[in-house]
Amino acid sequence: MPDLCARGLSKRYSGLHVVHGVNLTVRPGEVVGYLGPNGSGKTTTARMLSGLLEPSNGVVEYDGKDIRSDLLSFRTRLGYIPEEPYLYPFLSGREYLQLVGRLREMPERVLESKIDGFLQLFNLSTAADQSIASYSKGMRQKIVISAALMHDPAVVIFDEPETGLDVTTTMMLRHLVRTLAGRGKAILYSSHILEVVEKVCDRILVLHKGNVVADDSIERLRTMLASSSLEGVFAQLVIRDDPEQLARNLADLSAMSAPSTSLRAS
C-alpha cells in the first residue's frame, strides 16, 4: 500500500498561520501520533490531509500523486473519524450507515452484513432503528467509526476518536488501531490523551503553534529529552508554564472569599 505524505503543508486564516510548513509521512502498517495543545492546528491538519480543507500552501500526496488531482478516488481509500461527529439527526443509525455505504457503491449484501456486524460489536443493535437525534455522544461516535471503516480503507485518520466513548470502548479502540496497522493500514492518530498515544503509536509528531517541533519514535524522544514518559517529553516541548504551579494558583483563586457588599438605604 502507498504512503500518505504532506509536504510544506500550511493554512492561513486572515493572514495568520494556523499550520505552517508541516511535513509528514504515514506509511502502511504504521501508526503516527499527532500531538499538540488545543489550538495548535491538529484538526486543521487532519482536515487538509483528508481533502476536506484546501491548504494555503503545500501539497498532500497519496501514492506519489496530489490528492486534489483525483479527490474522489483518494476518498475511496480513506477513512476519517472527526472529533465532532456530523450526522443527520433525522436518520437512524442503520439508515446513516446504509447511506454512507451506498454512496461508496458497496454491494448491498456486503453492506448489510457489515452494518449488522458493526452495530453488534458496538452494542448498538437495539438502538439501530432509533433516530440519531436520540443517541448519546458516545453512540454517535461509534456510528462515525463504523462509517469510516465499512469500506476497508487503506488510510485511516483518527482525530480525537475517544470523544464521548466509555472506558470499555476506548480500550477496544486501542486494540482496533493496532490491528488495523497490523493489516497494513496507514494510520494517523491525533489525540490529547497521552497514555493512549504512548500505547498505540510507533512514532509521534508534536505540533506547537502550527509548527512541528518533534518527529521521532517515543523511545528516541525520551532518550534525547532525558524523560521517562511521553508526558514528560510533551511538557518539555510545548508547555512553557509549570502546570503544578498553575493548578495551585487556580485552586487558590477558587478558594478566595467573595468580597462582601453592603446595601445602603437611600
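The values are calculated or read from the model by the stated rules, or taken from the named source; none is laboratory data. All of these numbers come straight from a predicted model, not from anything done at the bench. Cβ: placed from backbone, ideal geometry, glycine included. Neighbour counts: every protein chain shown.
Filter segment 29-45 down to residues that are under 19 Å from Pro2 (Cβ atoms) and among the aliphatic types (A, V, I, L, M), then give me how many there are.
Number satisfying all stated conditions: 2.
Yes/no per residue for (1) crowded, with 20+ Cβ neighbours inside 10 Å; (2) in contact (Cβ under 8 Å) with a residue 24 or more places away in the chain; (3) closer than 25 Å to Leu194 by Cβ:
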| residue | (1), (2), (3) |
| --- | --- |
| Asp3 | no, yes, no |
| Gly8 | no, yes, no |
| Ser14 | no, no, no |
| Thr25 | no, no, yes |
| Glu54 | no, no, no |
| Tyr62 | yes, yes, no |
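Need a quick list: helices (runs of 4 or more DSSP H) entirely within segment 1-109 having at least 1 residues that are over 30 Å from Leu124 (Cβ atoms) and outside the structural domain of Val144 (by TED's automatic domain parsing).
In segment 1-109, 42-49, 71-75 are the helices (runs of 4 or more DSSP H) which contain 1 or more residues that are over 30 Å from Leu124 (Cβ atoms) and outside the structural domain of Val144 (by TED's automatic domain parsing).
Is it the case, given these coordinates, that His151 is surrounded by fewer than 19 Cβ atoms within 10 Å (Cβ to Cβ), in contact (Cβ under 8 Å) with a residue 60 or more places away in the chain and in a loop (DSSP other than H, G, I, E, B)?
Against the criterion (surrounded by fewer than 19 Cβ atoms within 10 Å (Cβ to Cβ), in contact (Cβ under 8 Å) with a residue 60 or more places away in the chain and in a loop (DSSP other than H, G, I, E, B)), His151 does not qualify.
Every residue, every condition in (1) buried (at least 18 other Cβ atoms within 10 Å of the Cβ); (2) modelled with pLDDT of 85 or more, yes or no:
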position	(1), (2)
Leu173	yes, yes
Arg178	no, yes
Leu188	yes, yes
Ser191	yes, no
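Restricting segment 170-189 to residues that are part of a helix (DSSP H, G or I) and of a type in the set (Gly, Ala, Ser), which is farthest from Tyr62 (Cα to Cα)?
This residue is Gly182.
Residue by residue, here is whether (1) part of a loop (DSSP other than H, G, I, E, B); (2) at pLDDT 95 or above; (3) buried (at least 19 other Cβ atoms within 10 Å of the Cβ); (4) in contact with a Gly (Cβ under 7 Å, 6 or more places away or on another chain) holds:
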position	(1), (2), (3), (4)
Thr126	no, yes, no, no
Met139	no, no, yes, no
Ile145	no, no, yes, no
Val156	no, yes, yes, yes
Thr168	no, no, no, no
